[in-house]
Amino acid sequence: MTGFGRAKNSFDGFDLTVEIKSVNHRFFEFSSRVPRAYMFLDEKLKSCCQARVSRGKVEMSLIIEDTSGNALTLQVNKDYADAYIKALRELGKEYHLKDDLKLSSLVSNTEILIPRRNEIDEEVLTKAVLKTANEAIDNFIGMRSAEGERLVKDVINRANLILEKVSFVESRSPETVNEYRQRLEDKMRELLGDVQIDEQRLLTETAVFADKIAVDEETVRLRSHINELSKLFETGGAIGRKLDFIVQEMNREANTIGSKCSDIEIAKTVVDIKAQIEKIREQIQNIE
């Protein structure tokens with residue numbers, strides 16, 4: 001399910017910002033963008049997120065900004081500087097060059113001034129970052145919940161539409177048997193003329209046909225799956241994978257009905273049922 005959340009906090013001269021966003025995915029997949037100096041927080045952020053989000057391709061980013069101006073210091077590499085200056089002056093004497101050595105000549109050498117990040121209490125920083133991360137996840141879940149309600153409503157509407165079409169299949173199926181019997185009787189009269197029709201044979205053939213196209217069991221199971229779908233929404237919680245299984249079973253029953261039918265009206269209805277099941281399948285990919 002798509003979603004977005006952001007939270008900000010201040011901590012000991014730092015501004016912390018955590019953003020979390022996700023796109024649809026059948027399982028939980030996590031990636032993060034964390035400053036190189038704070039990579040020890042990566043696994044902690046993943047665990048924090050996974051404890052509360054079970055589905056979706058989730059990306060979390062952490063921004064840490066120094067507001068004190070004391071987070072970074074420059075350390076002079078004096079031994080290197082002494083050797084560097086000595087080498088330059090010896091070079092000048094050997095080649096009779098003017099000694100115009102200036103401070104600007106030294107600071108341009110990245111080996112002389114070395115940036116050092118001041119030590120931070122990792123435990124305290126971790127606590128502050130996870131607090132911010134949980135606030136971002138709160139906002140993220142709130143946004144996904146609102147979207148989830150809309151998705152559930154859409155799925156329920158489609159499920160009810162499927163039930164209407166199942167009712168049509170159930171009412172139409174006996175009619176196809178009667179129509180088959182009438183066509184068979186007409187054909188026999190056409191072939192036999194005035195000869196007496198074997199009623200028992202007619203009944204037997206009709207019974208065989210009725211058994212061949214019977215979809216009572218399939219429609220009952222399809223109704224049962226739709227009922228289970230509604231119950232899961234009422235139960236709540238992490239139901240995404242259970243929904244996947246139910247929709248798979250719904251599609252199986254629709255395919256069986258389609259394979260048994262020999263009536264054009266039922267065939268069209270089965271196509272409509274499968275189209276709605278596919279729409280439901282797409283929607284539940286967004287439901288956790």
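The values are calculated or read from the model by the stated rules, or taken from the named source; none is laboratory data. Keep in mind the model is a prediction, meaning the values are calculated, not measured. Please note: Cβ atoms are built from the backbone with ideal geometry, for glycine as well, and neighbour counts cover all protein chains shown.
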Within segment 95-124, residues being within 25 Å of Leu45 (Cα to Cα) and either touching a Leu at 6+ places or on another chain (Cβ under 8 Å) or of a type in the set (Gly, Ala, Ser) (or both) number 2
Any chance Ile85 is outside any loop (DSSP other than H, G, I, E, B) and more than 18 Å from Lys8 (Cα to Cα): yes
For Asn77: the one exception among (1) under 48 Å from the mean Cα position of the chain (by Cα); (2) polar (S, T, N, Q); (3) surrounded by 14 or more Cβ atoms within 10 Å (Cβ to Cβ): (1)
Would you confirm whether or not segment 209-225 contains a residue that is among the basic types (Lys, Arg), more than 23 Å from Asp154 (Cβ to Cβ) and at pLDDT 85 or above? yes
Which condition number in (1) exposed (fewer than 11 other Cβ atoms within 10 Å of the Cβ); (2) at pLDDT below 85 is the one that Leu97 fails? (1)
Pairs, please: C-beta under 7 Å, at least 6 apart or cross-chain, first residue in the same structural domain as Val76 (by TED's automatic domain parsing) and of a type in the set (Lys, Arg) and in segment 86-107, second at pLDDT below 85 and exposed (fewer than 12 other Cβ atoms within 10 Å of the Cβ)? Arg89/Asp99
In segment 242-288, what residues are touching a residue at least 40 places away in the same chain (Cβ under 8 Å), of a type in the set (Lys, Arg) and either farther than 24 Å from Asn178 by Cα or outside any helix (DSSP H, G or I) (or both)? Lys279
Testing Ser10 on (1) under 30 Å from Thr110 (Cβ atoms); (2) outside the structural domain of Asn109 (by TED's automatic domain parsing), one condition comes back false. Which one is that? (1)
Near pairs, Cβ below 6 angstrom, 6+ apart or cross-chain, from segment 229-241 (under 19 Å from Arg26 (Cβ atoms) and part of a helix (DSSP H, G or I)) to any residue that is β-branched (Val, Ile, Thr) and at pLDDT 85 or above: Leu229/Ile246; Phe233/Val152
Residues of segment 129-168 classified as aliphatic (A, V, I, L, M), under 23 Å from Asn251 (Cα atoms) and either modelled with pLDDT under 90 or surrounded by fewer than 13 Cβ atoms within 10 Å (Cβ to Cβ) (or both), total: 2
For segment 27-42, does any single residue satisfy the condition of being of a type in the set (Gly, Ala, Ser), without any contact (Cβ under 8 Å) to a residue 60 or more places away in the chain and in the same structural domain as Val129 (by TED's automatic domain parsing)? yes
Those residues that are modelled with pLDDT of 80 or more and of a type outside the set (A, V, I, L, M, F, W, C), I need them from segment 230-254; list them, please. Ser230, Lys231, Glu234, Lys242, Asp244, Gln248, Glu249, Asn251, Arg252, Glu253
Counting only residues that are surrounded by 14 or more Cβ atoms within 10 Å (Cβ to Cβ) and assigned to a helix (DSSP H, G or I), segment 17-64 contains a total of 8
All-but-one check, Val155 against (1) under 31 Å from the mean Cα position of the chain (by Cα); (2) outside the structural domain of Leu243 (by TED's automatic domain parsing), failing number (2)
It is to be established whether one or more residues within segment 112-123 are in a helix (DSSP H, G or I) and charged (D, E, K, R). yes
